[in-house]
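Derivation of every value follows stated rules applied to the coordinates shown; laboratory data play no part. This structure is a prediction, so every number in the text was calculated from the model and none was measured. Neighbour counts run over all protein chains shown; Cβ positions are idealised from the backbone, glycine included.
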Amino acid sequence: MAVGTVFMVLYLLVELAVSDSSKSSEDVRCKCICPPYRNLTGHIYNKNVSQKDCNCLHVVEPMPVPGRDVEAYCLLCECKYEERSTTTIKVTIIIYLTVVGALLVYMAFLMIVDPLIRKQDSYIQPLHNEEDTEDTRPFAPSHAQARANTVLERVEGAQQRWKRQVQEQRKTVFDRHKMLS
Amino acid sequence: SAGYDMATGSEMNGSGNLMDFLEESVPEVGMYEDFYTIDWLREKSRDTDRHRKITSRSKESLWERIKGLLDAWSGWVVMLLIGLLAGTLAGVIDLAVDWMTDLKEGVCLAGFWFSHEQCCWTSNETTFEDRDKCPQWKTWSELLVGQPEGASAYILNYLIYVLWALTFSFLGVSLVKMFAPYACGSGIPEIKTILSGFIIRGYLGKWTLLIKTVTLVLAVSSGLSLGKEGPLVHVACCCGNLFCCLFSKYSKNEGKRREVLSAAAAAGVSVAFGAPIGGVLFSLEEVSYYFPLKTLWRSFFAALVAAFTLRSINPFGNSRLVLFYVEYHTPWYMAELVPFILLGVFGGLWGTLFIRGNIAWCRKRKNTKLGRYPVLEVIAVTAITAIFAFPNQYTRQSTSELISELFNDCGALESSQLCDYINDPNMTRPVDDIPDRAAGPGVYAAIWQLALALIFKIVITIFTFGMKMPSGLFIPSMAVGAIAGRMVGIGVEQMAYHHHDWFIFRSWCRPGADCVTPGLYAMVGAAACLGGVTRMTVSLVVIMFELTGGLEYIVPLMAAAVTSKWVADAFGKVGIYEAHIHLNGYPFLDSKDEFRHRTLATDVMRPRRTEPPLSVLTQGSMTVEDVEALIKDTDYNGFPVVVTKESERLIGFVQRRDLIPAIRNARKVQDGVVSNSIVYFTEDPPPLLGNSPCPLKLWRILNLSPFTVTDHTPMETVVDIFRKLGLRQCLVTRSGRLLGILTKKDVLRHMAQMANQDPESIMFN
């Protein structure tokens, strides 16, 4: 729960900070597209005006038709007020790629580096494992809890537990097809 | 099986915030285990007790009163947080999907994080003919080889498109398999089951949330025929579960937690469609089991906050929430109801075809060797989809863009192939009142391509939904319907233009008027197909009209939705989500099913005639050793307590999960409790005689009001009781004597048997 709140608050703060400070002139515009009319070719007009001024009369400059034809010309034109935030897009994509990259690195670590580390520890483990043959639960054996006081040991323990949970989930979904088939 | 981890669990829980961060919550004393059904009555009474305690304490001091107020407001705080996080995640997903879908085709030189549309935003073309040109956007063949056109460029683009699609889907399925296997599929059938009272630990966890969000983007970007609406409901429910941990009111009470999850589901649909009211109705109609009025108002609040957050992130750059928000107000005519109803029939037929095909394929995946190669399956389906999708421009673009293009009315400024009508050069009508025109060659070509796209989508979606990747089916269904609708619309439009003197057109369609809007037909078709598959009624219509912003179109939408539901119900009684629930055998007691058989409670209860007699505890004649032996020999969830084994008069019911820790605790803490101690379930046990060991008083864990029915109660009533009260088990008596027990699983098995399904497929405990 703390994770979710922290992530969300950070993201929203970044958004607010970034969007308020630099709204570049490229990010807001009124775009009017006018199709060909009589002997005039079609044209696109862009102008940075507010939303209530986003209509043909304010944006199309210089007006290519004389005064009495302006209304007919303007009826053909389509004006849209467009707004976007390039920084939001940039921040979001970069955050997303970072998360995917981190997950890939962690996946590589779990698949390649972790078994190598475990193999070194496995010489020490068999002595402990013989004492609690019945223990198949995802919790560390009780005598090891006395050692589980340093942060690293606790992280180890949590990671082992999580790995077992994922293993259990994988068996349920992929092997036994009990769920989500 | 009773795996009790309370001793180690409590120690682990006390060791700091790092642990809370790293692990999922450990089941505590008296909490439910994985794959169990909760007891709604018990949860409700626990909540009432908690509330009464807080109210009585609030009179003591100011601080207590403030705590009482905070408790009352905690629900609203949770809704606010859920709305914020769900909106944020939906915005991130939308932006990432937008970019990655276009990444398959090319890159923007102005900044690699821009999608095609965003890249073209900055183009400075000013002439009308060049309005679609985008010099900053380079396709891969242009970048790698320097050739924008030509056969070799086409082949290179094709190859790179397929490669990107395969990369994305392989990445997605590997992440799912490695980190969170529960993140695959749509999520709505499982959430329906969870909301009806089932516990699936880890399904709404933090890793599932993270992986589902990340792999959803990958799945949609890889061009597969799936949508993101169903998974967004799952993501929102994960957010809901996450914030429940903040308050013990929700984290310790499974019944209250489900109220929050119902509201979170509403927020999920709200951000998926930009439809807050539709989201609430969807949660009410499709997802939730119990939906008290209090939840209605809170769901609406969560949905609004989520929609507002998404709007402020503004993923589509025009303050709209959904990619295919259309806003036209051209009227429709009564004679057009005929094609609308035909579209409804098409929707119903497609719904039936899809449900049957998909369930058959999923059953094959579940039971045969196909299910052993999930990664290969995903890669194969992606390869087939990408290879067949690239040549047809309507399948190459993302499905949301396709739907947007189909829903749009053709103004004078549209340059797409679908709007290639023969224009009158002297026409001077304004943009949204263009009369019906003859179709140009571009339109005919578009119709051919759309027909091919329709067949392709119908076939490939059957094989895509249910793969081991997050997959939704709202968008593909809407795409199928929109394609069919648009084709019908163009057909009607051309018929009206070329034959406006026929009887059927004469009264309402004059030459030179704008009678037929093919975009509206596309919308109606989309609603019909979605209704045929999911069997939604009110929520579908509300979502569609919130998508379009046009209240004028309610009648056509309703006509199509009702017709498609009738046609689909004629062929099969259940929608896709219930069908998946049956396939997986989840213990879900559907409140829409009707039980019409004349069986009695005595036909269904356990023990049957051939089975050993019921395992009961007596009020005061069993020793601790006897009780422990009984617990070890059986794996029942609870035991009835009777006066004596001869009289069999019922006193109450005791749960296994309360009995085991009580005995264990008593052995550790109370002196004198040994294996020979007698267990008393009365308030005043008889006085001790001489040197008999100390008795064990377990009065407190006894439930004195178990639900009972007589043996001649019709099963119809029993099913109703189970549904309405959310019971887990029910005792059967005759003349006051205990006869047997009926559990929810027995009821489900009986219903399956009566409906000729396989009763052994009902799983779990």
*Under a plain spin-label model, where a point goes 7 Å from the Cα along Cα-to-Cβ, how far apart in nm are B:K724 and B:D590?*
2.1
*asked:* Using the basic label-point model (7 angstrom from Cα toward the beta carbon), what is the B:I387 to B:L109 distance in nanometres?
replied: 3.5
*Against the longest alpha carbon principal axis of chain B, how many degrees, from 0 to 90 and to the nearest 10, is the axis of helix B:441-464 turned?*
20
_Nearest 10 degrees is fine. How inclined is helix B:151-179 to the longest principal axis of chain B, computing both from alpha carbons?_
10
*Can you list the HN-Hα couplings for region B:717-728, worked out from phi with the Karplus curve (6.51, -1.76, 1.60; θ = phi - 60°), rounded to whole Hz and with x for Gly and Pro?*
5, 4, 4, 4, 4, 4, 5, 6, 9, x, 6, 9
*Under 17 Å from the 7 Å Cα→Cβ point of A:Q120, by amide nitrogen: which residues of region A:147-168?*
A:152-153, A:156
_Using alpha-carbon coordinates, inclination of helix B:206-221 to the longest axis of chain B, degrees_ = 20
*Take every DSSP beta bridge whose two residues both sit in chain B, then give the antiparallel share in percent to the nearest 5.*
75
_Suppose we keep just the DSSP beta bridges with both residues in region B:601-755; what percent of those would be antiparallel, to 5?_
70
*Using R₀ = 56 Å, calculate the FRET efficiency as 1/(1 + (r/R₀)^6) where r is the Cβ-Cβ separation of B:A438 and B:A360; round to 0.05.*
0.80
*Can you give the helix-only mean residue ellipticity at 222 nm for chain B, where every DSSP H stretch with n ≥ 4 adds -39500 (n - 2.57) and the sum goes over all residues, rounded to the nearest 500 deg cm²/dmol?*
-18000 deg cm²/dmol
*With the Cα gyration tensor of region B:442-555 giving a ≥ b ≥ c as the square roots of its eigenvalues, does the rule (a/c under 1.5 for rounded; else a/b larger than b/c for prolate; else oblate) give rounded, prolate or oblate?*
oblate
*asked:* Output needed: Cys residues of chain B lacking any neighbouring Cys C-beta below 4.7 Å, sorted by number.
replied: B:C184, B:C237, B:C238, B:C239, B:C244, B:C245, B:C362, B:C529, B:C694, B:C730
*asked:* Placing +1 on the Cβ of each Lys and Arg and -1 on the Cβ of each Asp and Glu in the protein assembly as shown, which of B:F681, B:C120, B:V541 has its Cα farthest towards the positive end of the resulting dipole?
replied: B:F681
*Report the label-to-label distance for B:F503 and B:F308 in nanometres (one decimal), using points 7 Å from each Cα along the Cα→Cβ vector.*
5.7
_At R0 = 30 Å, how high is the FRET efficiency between A:N46 and A:I94 if r is their beta carbon distance? Nearest 0.05 is fine._
0.60
